[in-house]
2 protein chains.
Amino acid sequence: MTWIFTNAELDSVLTMKDCIAALDTGYRDLAAGRGGNRGRAEIVSPAGTDGTVYALKSMDGVHSPSGYASIRLNSDIIGWREVAGSTRREKVPAAPGNRYVGLVLLFSTVNGEPLAIFPDGLVQRMRVGATNGLGIRYLARADAGTAAIIGSGWQAGAQAMAICAERPIRRIRCFSPSKANRTAFARDMAARLGIDVEPASSIEDAIRDADIVACATNALDPIIGHNHMRKGVHYSSIKPAEIAPEAINACDRAVVHLQDNAPLVVRTHGVVLAEDRKGAHAPSAKVDESAMAELTELLTGTAKGRETAEEMTCFLNYSGIGYQFTLVGGVAFEKARAAGLGRELPTEWFTQLEHP
Amino acid sequence: MTWIFTNAELDSVLTMKDCIAALDTGYRDLAAGRGGNRGRAEIVSPAGTDGTVYALKSMDGVHSPSGYASIRLNSDIIGWREVAGSTRREKVPAAPGNRYVGLVLLFSTVNGEPLAIFPDGLVQRMRVGATNGLGIRYLARADAGTAAIIGSGWQAGAQAMAICAERPIRRIRCFSPSKANRTAFARDMAARLGIDVEPASSIEDAIRDADIVACATNALDPIIGHNHMRKGVHYSSIKPAEIAPEAINACDRAVVHLQDNAPLVVRTHGVVLAEDRKGAHAPSAKVDESAMAELTELLTGTAKGRETAEEMTCFLNYSGIGYQFTLVGGVAFEKARAAGLGRELPTEWFTQLEHP
């Protein structure tokens, strides 16, 4: 059978600790040659006459020890708008029912069969959070008790979960330009995490005594500047623009998820994206990522994590990889099936007798 | 709704002429920047202890004028065996029911929605044949009346269909090492094409008076050597090894599907494939593809096709592209729906409310 799951089903079984553990093992396997990744590629094309763009994105991964392979894809309509003086890239829910299109297809490396197909949203959220969680494990102060989250969306929630999974957090402050959004985030995450979560009216208010500052936005302009920094704090980011180059360079220790991980972008009609114009799609030329350690080096001990309480550290988690979906998707599949969740479809629909 | 089709359903509506027309338009659009392609990538990994390999393969394409985008993927178990002194790469039907795993996912570039999911076999067959068909259009003699097919599999049938779609063919001779296979091929294709199709007991017998010689094999060793060549004949190939380098170099005019189209191969466990050992995965270093015209140049008139009846020509159609699945898959989808074929699944299963 090939299983179909919903994001809500996967959310009901998958914990942030599961995801961090799966990535921890998986990255070590990748370093040891037991896993493989094919980097993200996008084909971008005009979608409408309103400046929106169609993007077909895909990335693949294989994890031999668990016997899973996956393809993650997005079929997106993308627009840009100005919010609070900053340009945001936003996916437009243009599919029927005002929905987004992102999928994970999970396969067995033992017999090739398609095991499951599910929307990518929940796993996408968890793998991003879990990756930053591994950064926190090695780079944040062991006694970190307070955190700031910049952003109030789907990804911001995962950052809060990851921080709490790795450190004894008592209080989180959340800033987002929308008062309604930050208030809702604080209420929802307090209930989910069982700790104090407060909305903050400015970035400065959110970060004022935070030990960990996690950005989780769609901003194409810097949010954390050099002037925002304090000793002992760990900064983390999920987009290249979020932490200003001067702030990254001021850190005593900066670690990047993966070097040389820029996506391959193919264009029709010579289409130009807002992030191309701003130079914000790729890491800043003012930041020398090649001088930084990669996450896997922290895990395998070939690079050192935090050594003193005073260090300013940062973890730059740009451009995830398909391999993360293989790792987290495999665990999600197993837990969802163990809980009896999902709808089954005939595997014959997704296989064939003909040698192609 | 998201539609599910079978290979048999698509085969009942899709003609070779449809496919050649779709590629003809599509390649011109690609040259004009109205289409986009992301090249083939494979992650290869050990599958079992018997030397078989697991391969996850994917390729993507977007065709703006028709509003289709697609991802084509394979989740294969691959083995190698010796047949008649030649090494063959063979997919193992290891999925439940002894089936192969290859899929096309078709999307709309207008709203991103998943329009259809179907096995890749029929479209794979037709797009390969149709591509060689375009080569025949420009490179074979206009009065070509006889053809040889080397191979008797799924792809060999498509080559026969493409040759007959482009030239007034009266007779085809087919050689395959298996007498049963070549006999069955001759019987089936004679019925399908309404012409004389004969099994031949050797390559020499098959090609002796053929105006077009089409190879459609999984061989990793040369089939057509310099000694097999005659003036005026058009040779075509779907794998790098099929026509020996000396034979290609002896042609008066050699055209390649696309230059610089080698797949990206990622390996776990340092796995080595038989084609790596033989150097047969990539085009031979003895052949200078960079000096050849590409198919699109024939279509747009920037390169010339056959100019005299005496020329020996060849068309090398190695490593297809995802974009072909977008073009042929789009036509297949439209014709299958117009005929009322397919099973519908809720699009909600393949979309989401969450911004991923």
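The values are calculated or read from the model by the stated rules, or taken from the named source; none is laboratory data. Treat the numbers as computed from the prediction; the structure is a model and nothing was measured. Note: ideal-geometry Cβ built from the backbone for every residue, glycine included; neighbour counts use all protein chains shown.
Things to note:
- Looking only at residues of the stretch A:259-295 that are in contact with a helix residue (DSSP H, G or I) (Cβ under 7 Å, 6 or more places away or on another chain) and surrounded by fewer than 19 Cβ atoms within 10 Å (Cβ to Cβ), we find that the one that is modelled with the lowest pLDDT is A:SER284.
- Against the test of being in contact with an Asp or Glu (Cβ under 9 Å, 6 or more places away or on another chain) and assigned to a strand (DSSP E or B), the options B:SER45, B:SER58 yield a single qualifying residue, B:SER58.
- The single condition from (1) within 14 Å of chain A (Cβ to nearest Cβ); (2) of a type in the set (S, T, N, Q); (3) free of Cβ contacts under 8 Å to residues at least 40 places away in the same chain that B:THR109 fails is (3).
- Members of the stretch B:112-158 found to be of a type in the set (A, V, I, L, M), away from chain A (no Cβ under 14 Å) and in contact with a strand residue (DSSP E or B) (Cβ under 9 Å, 6 or more places away or on another chain), listed by number: B:LEU134, B:ILE136, B:LEU139, B:ALA140, B:ALA144, B:ALA147, B:ALA148, B:ILE149, B:ILE150
- Considering only residues in the stretch B:332-349 that are more than 14 Å from chain A (Cβ to nearest Cβ) and not in a helix (DSSP H, G or I), the one that is farthest from B:LEU14 (Cα to Cα) turns out to be B:GLY340.
- The strands (runs of 3 or more DSSP E) falling completely within the stretch A:61-161 that include 3 or more residues that are crowded, with 24+ Cβ neighbours inside 10 Å, at pLDDT 95 or above and hydroxyl-bearing (Ser, Thr, Tyr) map to A:68-83.
- Test result for B:LEU341, touching a strand residue (DSSP E or B) at 6+ places or on another chain (Cβ under 9 Å) and either free of Cβ contacts under 8 Å to residues at least 40 places away in the same chain or small (Gly, Ala, Ser) (or both): no
- Any hit, the stretch B:219-236, residues being touching a helix residue (DSSP H, G or I) at 6+ places or on another chain (Cβ under 9 Å) and within 14 Å of chain A (Cβ to nearest Cβ): no
- Top-ranked residue in the stretch B:79-106 [being within 8 Å of another protein chain (Cβ to nearest Cβ) and on the phi > 0 side of the Ramachandran plot; ranked as nearest to the chain's Cα centre (by Cα)]: B:ASN98
- Of residues in the stretch A:22-45 being touching a residue at least 40 places away in the same chain (Cβ under 8 Å) and of a type in the set (Gly, Ala, Ser), the one surrounded by the fewest Cβ atoms within 10 Å (Cβ to Cβ): A:ALA31
- Flag if A:ASP221 is out of contact with any Leu (no Cβ under 9 Å at 6 or more places or on another chain) and at pLDDT 95 or above: no
- Looking at A:GLY33, A:GLY26, just one residue is within 11 Å of another protein chain (Cβ to nearest Cβ), closer than 25 Å to A:LEU134 by Cβ and either under 21 Å from the mean Cα position of the chain (by Cα) or in a loop (DSSP other than H, G, I, E, B) (or both), and that residue is A:GLY33.
- Identity of the residue in the stretch A:46-60, within 7 Å of chain B (Cβ to nearest Cβ) and either basic (Lys, Arg) or under 15 Å from B:GLU113 (Cα atoms) (or both), that ends up surrounded by the fewest Cβ atoms within 10 Å (Cβ to Cβ): A:ALA47
- Members of the stretch A:317-331 that are small (Gly, Ala, Ser) and outside any helix (DSSP H, G or I): A:SER319, A:GLY320
- Residue in the stretch B:2-20 that is more than 11 Å from chain A (Cβ to nearest Cβ), among the basic types (Lys, Arg) and out of contact with any helix residue (DSSP H, G or I) (no Cβ under 7 Å at 6 or more places or on another chain) present: no
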